[in-house]
Amino acid sequence: MDQRKLKIGAAVVAGLVILFIAGRQFLKWQSTQKDQARVEQANKQAEKEAKQTVASLHQLCRYADSVGIDTSRYVVEPDADKAEAGAKLTALLMEVRYGKKPSRMTYNGLPEAVDSSWAKKVGTTVSLKMMTEFATFAPYNQLATYYNRLRKRAKGNPAVSDSLRQIRQTLNFYRYVNRFNPDQFVIVNIPAGELNVFDRTGKRLLPMQVIAGKPDKRTPCMTTYIKDIVAYPYWNVPRKIALEEMLPRMQRDLSYIYNQNLQILDEKNREVDPEEIDWEGLSTTNFPYRVRQASGCENSLGLIKFDLENPLAIYLHDTNSRDLFTLTADRWRSHGCVRVQKPVELANLVLGKQTFDAGFMNRCMIDQKPQTLSIPKRFPVFIAYNTADVDAAGKLKFYKDVYALNE
């Protein structure tokens, strides 16, 4: 009887052990099935998101193509994973909104206001409506319309292809301006010989002609800002001009100094009497002076100077030869600075109030010292080289490549 009980007990224990092992195996199998189901679900979700990202990227590429962006760098295979497609989608979103830095920019003096997290926040939900919300600048949209019209007849036509290339450069420039988020700003377009003050919608607040640097004294492209405005400025003659152009004339005839209202200053910024200088002993390598032109109507900078932040001594200014705006179509004859046609109007706009009246340019008061006027805030200035653009009437214009930069 005892043996029978022992056998029964052993059988029960064995059964329980088997049941325990079987239960554990079942639970393990069940857990594995759930894990596999989760993995399969995650894979399906990742595949779905990858396809959605690839689809969004393809949609964005079509839009980017329509505004002159080279999308060949953003192409992915249909089965690309989410990480690859997502990285290119983010990069393309940033280029659509902010463009690329133009290759011709010599100096960048404006701090960028780029929202670097914006593209990631967008995710894969990309729509045409969202893209057009950032394309509110009227000249940009007008130029994009012309670009798409020309694309339809570009095949086999080199002239049209070159025109498209020029338009693409300008479209990218306008996208690049978005990096600075300006409310009002100046654009000087060198090939057009024009200056425009725009608001953020693209409205032209103050169009005018300008005279920029001649081909051998090019005005550099830059992003900068007006720091202040100087009424009755001195012209501190750049040393190269003083040595190469003025010194030989001064050595030949001292009357040149008086006729041009020039002042010779020593190293301590004290004015020196030209009659007391040993001109024969001076040369381009031995000239311990600097040259300044006195303020007044005959000053080469005219009566108003707009100081720009840059290390290249480039600024906007009035001119003592205002008739050049009406007597000639040659808009490229300066040493690099930009002469403006409407200095009073520009100054009042930048200052935000009527500081100079209409008669300021004609009074030309004598014995005036330079007066620096502070502006309410930095006023952005973009000096660009756009050979294709739209004019005030919204018509497509191609300008002469005065510096031969498109060759």
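For the range 158-206, the set of residues classified as within 12 Å of the chain's Cα centre (by Cα) and of a type outside the set (A, V, I, L, M, F, W, C) consists of Gln169, Thr170, Asn172, Tyr174, Arg175, Tyr176, Asn178, Arg179, Asn181, Pro182, listed by residue number. Against the definition (outside the structural domain of Cys364 (by TED's automatic domain parsing), surrounded by fewer than 16 Cβ atoms within 10 Å (Cβ to Cβ) and either in a strand (DSSP E or B) or touching a residue at least 12 places away in the same chain (Cβ under 8 Å) (or both)), how does Glu245 come out, yes or no? Considered against the rule, which asks whether it is outside the structural domain of Cys364 (by TED's automatic domain parsing), surrounded by fewer than 16 Cβ atoms within 10 Å (Cβ to Cβ) and either in a strand (DSSP E or B) or touching a residue at least 12 places away in the same chain (Cβ under 8 Å) (or both), Glu245 comes out as no.
Of Ala55, Ala64, all but one fail to be within 21 Å of Arg165 (Cα to Cα), modelled with pLDDT of 70 or more and either surrounded by 11 or more Cβ atoms within 10 Å (Cβ to Cβ) or under 25 Å from the mean Cα position of the chain (by Cα) (or both); the exception is Ala64.
For the range 370-390, the tally of residues that are under 15 Å from the mean Cα position of the chain (by Cα) and assigned to a strand (DSSP E or B) stands at 6.
Restricting attention to the range 354-374, does a residue exist that is touching a Lys or Arg at 6+ places or on another chain (Cβ under 6 Å), modelled with pLDDT of 95 or more and farther than 17 Å from Trp235 by Cα? For the range 354-374, residues touching a Lys or Arg at 6+ places or on another chain (Cβ under 6 Å), modelled with pLDDT of 95 or more and farther than 17 Å from Trp235 by Cα: absent. Quick check: anything in the range 266-288 touching a residue at least 12 places away in the same chain (Cβ under 8 Å), aromatic (Phe, Trp, Tyr) and part of a strand (DSSP E or B)? No, there is no match, as no residue in the range 266-288 is touching a residue at least 12 places away in the same chain (Cβ under 8 Å), aromatic (Phe, Trp, Tyr) and part of a strand (DSSP E or B). Residue pairs whose Cβ atoms lie under 6 Å apart, separated by 6 or more positions or on different chains, with the first residue in the range 213-229 and touching a residue at least 60 places away in the same chain (Cβ under 8 Å) and the second of a type in the set (D, E, K, R) and not in a strand (DSSP E or B), are Cys221/Arg104; Thr224/Glu309; Tyr225/Glu309; Lys227/Glu309. The residues in the range 108-147 that are part of a helix (DSSP H, G or I) and over 20 Å from the mean Cα position of the chain (by Cα) can be counted, and the count is 9. Of all residues in the range 190-217, exactly one satisfies the criterion of being out of contact with any strand residue (DSSP E or B) (no Cβ under 8 Å at 6 or more places or on another chain), under 19 Å from Ala404 (Cα atoms) and surrounded by 15 or more Cβ atoms within 10 Å (Cβ to Cβ), namely Pro191. Candidates are the residues of the range 74-84 that are buried (at least 17 other Cβ atoms within 10 Å of the Cβ) and over 28 Å from the mean Cα position of the chain (by Cα); the one that is modelled with the highest pLDDT is Val76. Among the residues making up the range 90-131, a single one is of a type in the set (S, T, N, Q) and within 19 Å of Ile167 (Cβ to Cβ): Ser103. The set of residues in the range 325-348 being part of a helix (DSSP H, G or I) and either buried (at least 17 other Cβ atoms within 10 Å of the Cβ) or outside the structural domain of Ala212 (by TED's automatic domain parsing) (or both) consists of Phe325, Pro343, Val344, Leu346, Ala347, Asn348. Just to be sure, is Tyr232 closer than 19 Å to Arg378 by Cβ, touching a Pro at 6+ places or on another chain (Cβ under 8 Å) and crowded, with 17+ Cβ neighbours inside 10 Å? Answer is no for this residue.
In summary, no strands (runs of 3 or more DSSP E) completely within the range 148-213 bear 2 or more residues that are more than 30 Å from Glu345 (Cβ to Cβ) and of a type in the set (Phe, Trp, Tyr).
The values are calculated or read from the model by the stated rules, or taken from the named source; none is laboratory data. Every value quoted in this text rests on a predicted model; they were computed, and no experiment measured them. Cβ atoms come from the backbone with ideal geometry, glycine included; neighbour counts cover every protein chain shown.
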